[in-house]
Amino acid sequence: MAIHLLKPLLEVSNLEVVYHDVVFAVKGISLSVARGQVVTLFGPNGAGKTSLVRAISGMLRSVEGEIKAGSIVFDGKPISARAPDQIARLGLYQIPEGGSVIKELTVRENLQLSRFCRGSLKGIADDYALIADRFPILKTRENQLGGYLSGGEQQILSLAKALLARPQLLVLDEPSLGLAPMLVAENFEKLQDLKRDFDVTILLIEQNARVALDIASYGYVMEGGRVVYDGASDALRQNREIQEFYLGLSGGEKKSYRDVKHYKRRKRWLS
Amino acid sequence: MEILVQLLLSGVSQGMGYALGGLGFVLIYKSTGVFNFSHGQLIMVGGYFFYLFQVQLGLPPWWALPVALASMFALGMAIERLCLRPMVGEPTIAIIMLTIGLGGLLRNLVGLIWGTQPQAPVPLFEPGFFSFAGAQLPRVYAWTLAAATLAILAFILFFQKSAQGMAMRAVAFDQDKASLSGISVPRVFALSWAAASVMAGVSGILMMQLMGLDLSMDSRGLSAFPAAILGGIDSIGGVILGGLIIGIVEAFTGGYLDPYIGGGAKEVVGFVVLLLILMVRPYGLFGTPEIRKV
Amino acid sequence: MAMKFFRNYRVSYREDRAIFPTLINFWPRFWFVVIALALLLLPLPLQQYWIYTINLGLIAVIGALGLNLLTGYSGQISIAHASFLALGAYTTAYLGRFGLPLYLVIPAAGAIAALVGGIVAVPALRLRGLYLALATLAFYAIIDFAIRKADFLTGGAAGTSVAAPTMFGKTVAGDLSFYYLTLGIAAICTFFVKNLERGKVGRAMMAVRDSDIAAEMAGISLFWTKLTAFGISSFLGGIAGSLLAYYLQFINPDNFGLAVSISYVAMIIVGGLGTVIGSVFGAIFMVFLPEVVRVVLHASSSVIPKLDVAASGAFAEGAIYGLVIILFLMFKPEGLARLWRDLLIYFRSWPFTY
């Protein structure tokens, strides 16, 4: 796993995102993703993760959001003012929550949409072979409408679409949402293989912290619109707060409901 | 028998004209979700543009045609950019009203510039008759039929096979996801309107050959609505079939029913068919039903 | 004392139920009386032509109230409204031959229109949005055809004359008398709709407009709500048509063409969908707009010679009319009612901005 110590692939600096001029969703976030890394961003519902991702991929306008401050630089180019299709063509490909399958198009047609990032359909067959190898379901369902696929299959299709576009950075927004644990584990394993084959950098937004920390090398924890902790995934796994609040390990001592102080306990991120 | 064949031919060629017009609606609807109530007026403007270049400016028809169509292309893009893009996200009725207002504006501008007198265009196709199945049929019907069919085939090829066509369909189904796939949604909108205007132009030019050029052309274009709905507004094959059915039904009504009741049925029968289809199968013969969630 | 006259909260159930909730305070009541007086005195100093235009405007108000009920409150798009006016008008022409007084004829005209409106409601049960609009377009075409063909009843394309309206033995003649008649009816209709909007029926309609599946699940019968919407809307349209027939004294199918339907839709959009005051503003605006345009064109005809020619003038008017609709939709899609509301809020909360 070669990590370039030079310029990061994606650099977000002091980003602020506001919806409808009133809702402050992202309150000054900085993060960076180096080429070749798998970086994860996790946190509870409403932390602002999806808002951050939308800001990165240019989709804020369609949900009435705005970048109020800060900057996003991708591969040396500022992208905070660009349209989503431009950002995709630059090599930053996002798979939104729920997948990127267009339901009314067939599986095959969905895959062909990657031509808009590739420039043409040339060479797509070889890349496709690589993916279909790992996910044979794509070949069997090639001519079915995307909407008829199950949730897990749609995630697979979204992944295939994304990789066929040969992005430099793949941004995944909660890919495990709604999937059975077994399927999640399986998909993530294949994701790691495909990452190698296609040489992509991955920014993974997840609620399932355990799976996320398994495949990522670096992680950010987001709460209430801010990054509250970050570090290498090993360090994160050892951290007591993270263990308790995100990994479900409460250290063995039995807690009783009468011990009110426990529930009033604030997360002491800096200690 | 002769009457039957004559009616059939006129119905089919008229129907293909409707199909061509209907396909323009369908293109705009499929790509942008807007139902363009001003399409009848666009068809009329196409005819008048051609007249402008062919007769008033005296260009030879093989020059006048591309110039007229290029003007339609530009008009379509202008309409999209100036009137429709600012309306993204507004409720359906506002957009429908906007297109109706646009239609009124176009119609009045045409009247302002060219006046109410019917114009005398130079026919594109040689006049005269030919014999078929024992009947004497006007040549112009056959030529328009051929031209319309060609135009439709070209359009289908474009929409199904080309990258732009796929982009239009993706945008029609899910704008956000299409955008994330690297498709420029504003560009697709602009292109859709431009292409639809070109098709309207062709339709207008052909209709001009069949029935002359005057201000009533836009209400005849109204008959393309039932054609599009009958077939299913997001099915190309459906629109063509719908156009043919409406054209033939209108022709037969005009030929057989109107003489008994003193006229008028021909214009209204298209709407009767429309109503029946809406009651029985609102999404048309081949359309895909809308999936709604609460 | 100040508290009694300058509050914007309510202190009794009666106030809560009021039809015009802003009339709690002194100033709104003051202006209400002033406006009422102004309306009563308005036509006296005016020339006949302007009284004529105002009368047409009042008739349009009634029609617009009807359409707004259907489209603005219930979300049922209809471009067939002129047909309901036509039904009311032709019923009036027919019944007038029997010498019936207007207080019988006008409601009857409304009823006939409402009956047909109920029929139109049937496809509405299955259709929404664009498809409903097309179905109403088809209805318009069919009714127009029927009117032109049934010349034994309607006089066909040539039209028919209408007997003068009579009331308690006396004929209502002259623009002035007609003004007061129409003003009274328009006022009644306005109160009626304003009352409707805040009650069970109005709320059911709005629920159907906003989310019909959810409304049905909450126990609202889509069938009855849509039927009521079409029924009342056509009833009001019929009344407007009836008054129009009495006023013009001669009607033909061209009075009720597609352009008229479209102008009604324009009225409620420019005025403001789903508001009573929007219907009023929109109707007045749309009726007076051609007049304003005509004045402007006449003034500028010295600059642009072509505009003075009669035929071109009509087109220029039409073009500007269409342009106004487009501009309104682009820049102020919520209409004049919204402008009015913003204006009031501005003054109410001045010098604060929010």
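Here, each number is a calculation from the coordinates, and none is a lab measurement. Keep in mind that this is a model prediction, so the values were computed, not measured. Here Cβ is always computed from backbone atoms with ideal geometry, including for glycine, and neighbour counts include all displayed protein chains.
By its C-alpha gyration tensor, with a ≥ b ≥ c as the square roots of the eigenvalues, how is the stretch C:140-205 shaped: rounded for a/c under 1.5, else prolate for a/b larger than b/c, else oblate?
Numbers: a/c = 3.50, a/b = 1.25, b/c = 2.79.
Because a/c hits 1.5 or more and a/b fails to exceed b/c, the stretch C:140-205 counts as oblate.
Sort the following peptides by mean Cβ neighbour count (other Cβ atoms within 10 Å, averaged over residues), highest first: A:19-31, C:245-257, A:37-49.
A:37-49, C:245-257, A:19-31
Of all the stretches in chain B, which is the longest one without any exposed loop site, taking trypsin sites (Lys or Arg not before Pro) in a DSSP loop (any state but H, G, I, E, B) with at most 12 other Cβ atoms within 10 Å?
My reading of the result: B:1-291 is the longest stretch.
Got a sec? How would B:M16, C:M205 order by Cβ neighbour count within 10 Å, fewest to most?
The fewest-first ordering by Cβ neighbours comes to B:M16, C:M205.
Order the peptides A:98-107, C:330-339 from the highest to the lowest mean number of other Cβ atoms within 10 Å of their residues.
A:98-107, C:330-339
Rank the residues B:L285, A:L52 as a footprinting-exposure proxy: fewest other Cβ atoms within 10 Å of their Cβ go first.
Final ranking by Cβ density, sparse to dense: B:L285, A:L52.
Go through A:226-238, C:68-80, A:207-219 and give me the packing order, highest mean Cβ count within 10 Å leading.
Put in order of decreasing packing, that is C:68-80, A:207-219, A:226-238.
Among the listed pairs A:K139/A:K195; A:K103/B:K177; A:K122/B:K177, which have their C-alpha atoms separated by more than 18 angstrom in this model? If you can, show how the numbers build up before the last one.
Working: A:K139/A:K195 20 Å; A:K103/B:K177 10 Å; A:K122/B:K177 22 Å.
Check vs 18 Å cut-off fails for A:K139/A:K195; A:K122/B:K177.
Let me have the relative contact order for chain A, percent, based on Cα pairs under 8 Å that are six or more residues apart.
24 percent
When you look at the Cβ of every residue in C:120-133, what mean number of other chain Cβ atoms sits within 10 Å? Could you put the intermediate results ahead of the total?
Values: counts 0, 0, 1, 5, 0, 0, 4, 3, 4, 6, 12, 10, 2, 6.
Partner Cβ neighbours, averaged per residue: 4.
Shielding of B:85-96 by partners, i.e. mean partner chain Cβ atoms within 10 Å per residue? Write out the running numbers ahead of the final one.
Numbers: counts 1, 3, 4, 1, 2, 4, 6, 6, 13, 8, 3, 8.
Mean inter-chain Cβ contacts per residue within 10 Å come to 5.
In terms of the Cα gyration tensor, with a ≥ b ≥ c the square roots of its eigenvalues, is the protein assembly as shown rounded because a/c is under 1.5, prolate because a/b exceeds b/c, or oblate?
Judged from the Cα gyration tensor, the protein assembly as shown comes out oblate (a/c at least 1.5, b/c at or above a/b).
Let me know the shape class of the stretch C:47-349, please: from the alpha-carbon gyration tensor, a ≥ b ≥ c as square roots of the eigenvalues, rounded when a/c is under 1.5, otherwise prolate if a/b is greater than b/c, or oblate. Let's see the in-between values first.
Working: a/c = 1.44, a/b = 1.07, b/c = 1.35.
Rounded shape, in that the Cα axes give a/c under 1.5.
Which whole-Hz ³J(HN,Hα) couplings does the stretch A:72-84 yield from phi under the Karplus relation 6.51 cos²θ - 1.76 cosθ + 1.60, θ = phi - 60°, glycine and proline marked x?
10, 10, 10, 6, x, 10, x, 10, 5, 9, 8, 6, x
Cα axis of helix A:151-164 to longest principal axis of chain A: angle in degrees, 0 to 90, nearest 10?
Helix A:151-164 sits roughly 70 degrees off the main axis of chain A.
Of C:K149/C:K200; A:K49/A:K77; A:K7/B:K30; A:K7/A:K68, which ones are farther than 32 Å apart at the Cα? Present the calculation step by step, with values, prior to reporting the outcome.
On the way: C:K149/C:K200 41 Å; A:K49/A:K77 22 Å; A:K7/B:K30 44 Å; A:K7/A:K68 25 Å.
In this structure, C:K149/C:K200; A:K7/B:K30 exceed 32 Å between Cα atoms.
Can you tell me, using C-alpha contacts under 8 Å and at least 6 residues apart, the relative contact order of the stretch C:47-349 as a whole percent?
Relative CO of the stretch C:47-349 lands at 33 percent.
Please sort through the DSSP H helices of chain C and keep those with an alpha-carbon extent of at least 20 Å along the long axis and a Kyte-Doolittle average not below 1.6.
C:26-41, C:102-124, C:276-300, C:310-331
Against the longest alpha carbon principal axis of chain B, how many degrees, from 0 to 90 and to the nearest 10, is the axis of helix B:236-252 turned?
Once rounded, one gets 30 degrees.
Tell me which residues come under 5 Å, amide H to amide H, from A:L105 once H is placed; ignore anything under 5 positions away on its chain.
When sequence neighbours closer than 5 places are left aside, the close amide H contacts are A:G146, A:G147.
Order of B:I156, B:I277 from fewest to most other C-beta atoms within 10 Å?
B:I156, B:I277
Mind checking C:139-151 for the average number of partner chain beta-carbons within 10 Å of each residue's beta-carbon?
3
At 222 nm, what helix-only mean residue ellipticity would the protein assembly as shown give, in deg cm²/dmol to the nearest 500, using -39500 (n - 2.57) for each DSSP H run of four or more?
So the helix-based figure for the protein assembly as shown works out to -19000 deg cm²/dmol.
Loop-only chymotrypsin sites (Phe, Trp or Tyr not before Pro) in the stretch C:109-191, please: DSSP not H, G, I, E or B, and at most 11 other Cβ atoms within 10 Å. Could you put the intermediate results ahead of the total?
On the way: sites: C:Y131, C:F139, C:Y140, C:F145, C:F152, C:F168, C:F178, C:Y179, C:Y180, C:F191; in loops: C:F168.
When the chymotrypsin sites (Phe, Trp or Tyr not before Pro) of the stretch C:109-191 are filtered for loop state and at most 11 Cβ neighbours within 10 Å, C:F168 remain.
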